[in-house]
1. Of the candidates L136, L268, L248, which one comes out as most mobile in a Gaussian network treatment of the chain with C-alpha springs shorter than 10 Å?
2. Taking the Cα-to-Cβ direction at F167 and at A28 and moving 7 Å from each Cα, how far apart do the two end points lie in nm?
3. Work out the length of the dipole vector of the chain about its Cα centre, built from +1 on the beta-carbon of each Lys and Arg and -1 on the beta-carbon of each Asp and Glu, and round it to the nearest 20 debye.
4. Which aspartates and glutamates, on any chain, are close to K171 with Cα under 19 Å apart, when same-chain ones fewer than 8 places away are left out?
5. Please list 3J(HN,Hα) in residue order for the range 16-29, calculated via the Karplus relation 6.51 cos²θ - 1.76 cosθ + 1.60 where θ = phi - 60°; whole Hz, with x for glycine and proline.
6. Can you give me the angle between helix 254-269 and the longest principal axis of the chain, using Cα atoms only, in degrees from 0 to 90, rounded to the nearest 10?
7. Going highest first, how would you order 198-207, 51-60 by mean Cβ packing within 10 Å?
8. Going by amide H atoms built from the backbone, whose H comes under 5 Å of the H on A179, apart from near neighbours?
Amino acid sequence: MRKILVIHYSQTGQLTDIANSITDPLNADDNISVEYLNLKPTELFPFPWPLLTFFHIFPECVKMTPQVMAPVETKHHDYDLVIITYQVWFLSPSLPISSFMQSEQAYRLLNAKPVITVIGCRGMWLTAQEKMKQLLTNVNAKLIDNVVLSDECGTGFSFLATPLWMFSGKKKSVSWVPAAGVADHEIKAASRFGTAIARALNALPVHETLKKPTLKGLGAVKVNEKFIASERVGQHSFRIWSKILSTLGPMHSKRRSCGLLIYVLFLLTLIITVVPITAIIKKLITPLTKKRIAEQKAYFAEPSGE
């Protein structure tokens, strides 16, 4: 019997739907057993988010400062494959996921194991996945595939639709703004990844584990080249501001709240000005950087490829 562990944390339930779609074909296979490890922070993160509460966790997300997690145990100690599902918070893996990844339990479960990451996000995931790669390296795990499902409302509208969802709890809280989140048909179609994983596992001798990508050619990821430069700029500013806000005071302190008011204004200015300007500049110089952009897209698309 092949054993698969799904390490999971979802606030809205969307990531749970994605994970279930992928694991449905695995659960239907008599030779495969799927177990969920649902992570539980001791201090629960609310949904919908109060505005300042959301931004209070910003420095810890960027720096991936481990938070205290409630103990959760697995049925087994050894697995043939581990699937890690995560959301992106401030260009980083969500705080519950990054906290777990730095625990002794993560090392015990992931050491020398093949891992598939599954991301549900607004669209900007490149930096978060780079951080996840490092976290996986730290626990001696091997990334063999990556799946990314992003919001259907488009790049421009997502800057408005996603915050409205986060702060109202409704995917479509304003009539003229498209619904936030991954499209239902995209979530349903994610079952193709589970089918491919089951096929790859069943083709292996019992004593062997997956060592190479199983999802190539299935459209597991799509790299939006417009985000490559934008994420680089955003991550640079995030590092600076995370240090400033951490210095002002701990999470939920009044001094940090004062600093956050300034930061939110800065972030809005960044989104309104720098992001579109960067996109325009990238478009203008595309003929000169076509080869480099192609190389960058190929790198970020690995290991599964577009």
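No lab work stands behind these numbers, since they all come straight from the coordinates. Everything numeric here is computed off the predicted structure, so don't read it as measured data. All Cβ positions, even for glycine, are placed from backbone atoms using ideal geometry, and neighbour counts span all protein chains on display.
1. Looking only at L136, L268, L248, the biggest GNM fluctuation is shown by L268.
2. My value for the distance between the label points is 4.2 nm.
3. Dipole about the Cα centre, nearest 20: 1000 debye.
4. Correct list for K171: D17, D151, E152, D184, E186.
5. Using θ = phi - 60°, the values come out as 5, 4, 5, 4, 5, 4, 5, 8, 3, x, 6, 5, 7, 8 Hz.
6. On a 0 to 90 degree scale, this one is about 90.
7. 51-60, 198-207
8. Answer set, sorted by chain and number: none.
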